[in-house]
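The values are calculated or read from the model by the stated rules, or taken from the named source; none is laboratory data. Small disclaimer: the values here were computed from a predicted structure and weren't measured. Methodologically, a virtual Cβ is constructed for each residue, glycine included, from the backbone with ideal geometry; neighbour enumeration extends over all protein chains shown. Ligands, DNA and RNA are stripped out before the accessible areas are found, and what is left, the full protein with its side chains, is counted by its heavy atoms. Shrake-Rupley method; radii C 1.70, N 1.55, O 1.52, S 1.80 Å.
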Amino acid sequence: SESGCEAHFILSRGRLWVFVDDDYWFHDRAPNQLLLDQVRAALTDEGAHYYAIADAIGAEPWETHGACRQLAKLGEAAEVRGEHRGVYRRSDPTDQP
């Protein structure tokens, strides 16, 4: 029978990623400082999909997505919404509330 939890699970490179909805997801650890620094350095004003950022820095895509989301929470990155979901760019002053 179905539980109705609507969670999504991904196994990538031996790690389990659980996505409950678009705004809540988790895995076994937070992004480390080195990854945050690499992602921060790879961000551009135009933006790039987190998968392209991961490819450019040689990182795991889902972990890179987590780093992008963390940088967005810190106000250092912004996710482009709408049809460009998953695209992150450098934050600018107009992104601040």
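List pairs: first in region 56-80 and at negative phi, second assigned to a helix (DSSP H, G or I) and surrounded by fewer than 18 Cβ atoms within 10 Å (Cβ to Cβ), Cβ under 7 Å, 6+ apart or cross-chain?
Matching pairs, first to second residue: Pro61/Tyr51; Leu71/Arg40; Glu76/Arg40; Ala78/Ala72; Ala78/Asp95; Glu79/Ala72.
Taking into account only those residues within region 27-40 that are over 16 Å from Ala78 (Cβ atoms) and modelled with pLDDT of 90 or more, which is least open to solvent (accessible area, probe 1.4 Å)?
Leu35
Given the options Gly4, Gly75, name the one that is at pLDDT below 70, in a loop (DSSP other than H, G, I, E, B) and of a type outside the set (A, V, I, L, M, F, W, C). Please lay out each step first, then the result.
Values: Gly75 fails: at pLDDT below 70.
The match here is Gly4.
Given the structure, is Arg15 open to solvent by less than 70 Å² (accessible area, probe 1.4 Å) and either acidic (Asp, Glu) or at pLDDT 70 or above (or both)?
Working: open to solvent by less than 70 Å² (accessible area, probe 1.4 Å): yes; either acidic (Asp, Glu) or at pLDDT 70 or above (or both): no.
For Arg15, the condition - open to solvent by less than 70 Å² (accessible area, probe 1.4 Å) and either acidic (Asp, Glu) or at pLDDT 70 or above (or both) - is not met.
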